[in-house]
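Read the structure below first, then the notes.
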Amino acid sequence: MTGQAMPVIEARGLRKAFGATMALDGVDLRVEEGHILGIIGPNGAGKTTALNAILGLTSYQGQLNVLGRDPWTQRDQLMRDVCFIADVAVLPRWMRVWQALDYVAGVHPRFDRARAEGFLAKTDIRRASRIRELSKGMVTQLHLALVMAIDARLLVLDEPTLGLDILYRKQFYDSLLNDYFDRSRTIVVTTHQVEDVQHVLTDLMFINRGRIVLNCSMEEFESRYLEVTVRPEQVTAARALKPMHERQVLGRSILLFDRDSNQKIDRQQVAALGEVRTPSIADLFVAVMGGSFGTAQGAAQ
Amino acid sequence: MNSPSSSLPDSFGSQAITPPTSSATRPFYWSVRRELWEYRSIYIAPLAAAGVAMFGFLISLISLPRTVQAMAALDPAQQHKALAHPYDMVAGLIMMAAFIVSIFYSLDALYGERRDRSILFWKSLPVSDLTTVLAKASIPMVILQLLSFAIAAATLWIMLLLSSAVVLGSGGSVAAYWGRLSLFRMLLMLLYHLVTVHMLWYAPLYAWLILVSAWARRTPFLWAVLPPFAIAIFEKIAFRSSHFTALLQYRIGVRQAVGSMQDNFPIQPGMPLAAGRFLSSPGLWTGLIVAAIFIAAAVRLRHYREPI
């Protein structure tokens, strides 16, 4: 199953309504093996609904195929190959650490207990502790240790580092990249802490009101978007190039350009206006979701 | 499976049982174990009831020699009744504790995991909804009843040994005491009662509670109790009849359950007859079918329900 012919996730026209609100409004999605996809969106954009559909936790309309299976009807078989961490409240609070290890070892055919114990040995988590006695960071460490010891093909992370301090967050993504990820695995992550994942992702997706607003690889992202801190005397010239977004920082204008919608722009030309760099995902997110929403959406499609 | 540091204060009686290796029963086995981890009252409540009952019995031992002496005048059946009375009380107390735990366990079984959102963790593992619900249903329908039988049997044996010591100490005949009491037959009757009434006859009751626990967004207790109550009142007002009330009484009342077991109690040969009558009664089988329907609906609901 190497190469990129086989998509890990394939969705066509995925829809899900809660009453009158469309949580997913026709999402087309294709994630291939060995990729790390970040799904970024405002609260209520449909991220969690999309992940829940992928995990077989919610029903949906449209076509969805995960590792060749229909998640809604085949959740239990699918979960042999898929792992899932939602925000930390999910591990049962009454459980003791050794019980969690015993249980997962008992029900999961691909769980390598020694590996999980190895990860736990690097932490301060005691095996007799109840989960409710652990700090939030420790619960995430425990969940990550359980999940990384499972030889799964797809890992789904829904706000995995919510409420954690920066050390735990850094450590979380470091272990994920160093001890877990390889080209035969696939990771889908949603988070609001976009600065943490900017250098982790291979693919990026913005979602808003149940629709995909932007979907590109990180290489495309880097070549497509330019952020320029414009010298004051060049501002008028720069604005003439139709930036997709402009913001003021410490009295200086920072302009964001989308080279797809404006073919004329190239790096040398823009470099004459000021200091050029690749924008952060957060800045692009604000530009796409913020004031000039309509144009940005047009640009993204 | 457990390494040394994973001490076993919580894993009641589990070390003796080797986990099954077949892939079909493994998830079921571990699902049952996790229920025993989460709801420790499953074994603590019957044990506590046994402890309390035993303590009361110890105090009553003081008057035992007098009771034995005073009984010489009575006929054998009455002697048995008088001697067996404390044993019946203790067994009854343990069964009642197990029954109450069954009710509250069933009401929380599929509700608690949604309320604390841990259902997302359980569903992230390769265990089907069917396996989970069957494991949960097996707790009140099988495991609690067998467990309460084991605890009751052990308690009654200890009581018998203690009584024997007292009788012996007061110069009485232990053989006569054992003969009149016939503990073995009492245990057999207890097991019969647990299997027929608490497992089979009450199965639809537990199944209903489990179904409500899968369905209710809050206060499963009210959802379990009020609708039947409302139907009964409605029927009374609308049709001036009370068939539904009678149906509930028929199901929950113990007497109907085993065809007046009390009558068959002293006569050993009557028991297979009563069992045959019970097993061939349509009430039992309709109840089991209804229980199966409720459980199937609970499996379906667990598939659809999200954390609350």
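State the Kirkwood hydrodynamic radius of the range B:25-304 in Å, one decimal place, computed from all pairs of distinct Cα atoms.
Numbers: mean 1/r = 0.0476 Å⁻¹.
The Cα-based Kirkwood calculation yields 21.0 Å.
Which percent, nearest 5, of DSSP beta bridges in chain A are antiparallel? Counting DSSP beta bridges with both partners in chain A, the antiparallel share is about 70 percent.
What average count of beta carbons from other chains do you get within 10 Å of the Cβ of residues in A:145-151? Can you show the working numbers first?
Values: counts 0, 3, 1, 0, 0, 3, 0.
Per residue, the average neighbour count from other chains is 1.
For A:Ser175, the solvent-accessible surface with a 1.4 Å probe is about 20 Å², rounded to the nearest 10. Take each peptide in A:49-56, B:145-152, A:125-132, B:231-238, count the other Cβ atoms within 10 Å of every residue, and average; sorted highest first, the result is A:49-56, B:145-152, A:125-132, B:231-238. Taken as Cα centroids, the range A:174-238 and the range B:29-48 sit 48 Å apart, rounded to the nearest whole angstrom.
Please compute the volume of the convex hull spanned by the alpha-carbon atoms of the protein assembly as shown and report it per residue in Å³. Could you put the intermediate results ahead of the total?
On the way: hull volume 126.7 nm³, N = 609.
With only Cα atoms used, the protein assembly as shown gives 208 Å³ per residue.
Check every DSSP H run in chain B and write down those whose alpha carbon atoms cover 20 angstrom or more along the long axis and whose mean Kyte-Doolittle hydropathy is 0.0 or greater. List each step's numbers first, then the result.
Values: long enough: B:41-60 (28 Å, 1.82); B:76-109 (47 Å, 0.74); B:144-169 (37 Å, 2.06); B:220-239 (29 Å, 1.53); B:282-304 (33 Å, 1.20).
TM-like helix candidates: B:41-60, B:76-109, B:144-169, B:220-239, B:282-304.
At the listed q of 0.07, 0.13, 0.15 Å⁻¹, the Debye profile of chain A, built from one uniform point per Cα, gives log10 I(q)/I(0) equal to -0.31, -0.96, -1.17. Magnitude of the charge dipole for the protein assembly as shown, about its Cα centre and with charges confined to Cβ atoms of Lys, Arg (+1) and Asp, Glu (-1), is about 1400 debye. A straight Cα-to-Cα reach below 18 Å connects B:Lys81 with the aspartates and glutamates B:Asp263, residues fewer than 8 places away in its own chain not being considered. To the nearest 10, the accessible area of A:Trp98 is 10 Å² with a 1.4 Å probe.
Evaluate E = 1/(1 + (r/R0)^6) for A:Ala17 and B:Ala238, where r is the Cβ-Cβ distance and R0 equals 35 Å; express this FRET efficiency to the nearest 0.05.
Values: r = 38 Å, r/R0 = 1.10.
That gives a FRET efficiency of 0.35.
Approximating the spin labels as points 7 Å out from Cα along Cα→Cβ, the A:Ser217-to-A:Asp165 distance works out to 3.9 nm. When only Cα pairs below 8 angstrom with a gap of at least 6 residues are kept, chain B shows a relative contact order of 24 percent. Residue pairs exceeding 30 angstrom between C-alpha atoms, taken from A:Lys136/B:Lys123; A:Lys170/B:Lys136; A:Lys16/B:Lys123; A:Lys16/A:Lys264; A:Lys170/B:Lys123; A:Lys47/A:Lys136: A:Lys170/B:Lys136; A:Lys16/A:Lys264.
The values are calculated or read from the model by the stated rules, or taken from the named source; none is laboratory data. Computed from a predicted structure; not experimentally measured. A quick note on method: Cβ atoms are made from the backbone with ideal geometry, for glycine too, and the neighbour counts reach across all protein chains shown. What goes into the accessible areas is simple: the full protein's heavy atoms, side chains included, and nothing from ligands, DNA or RNA. Shrake-Rupley method; radii C 1.70, N 1.55, O 1.52, S 1.80 Å.
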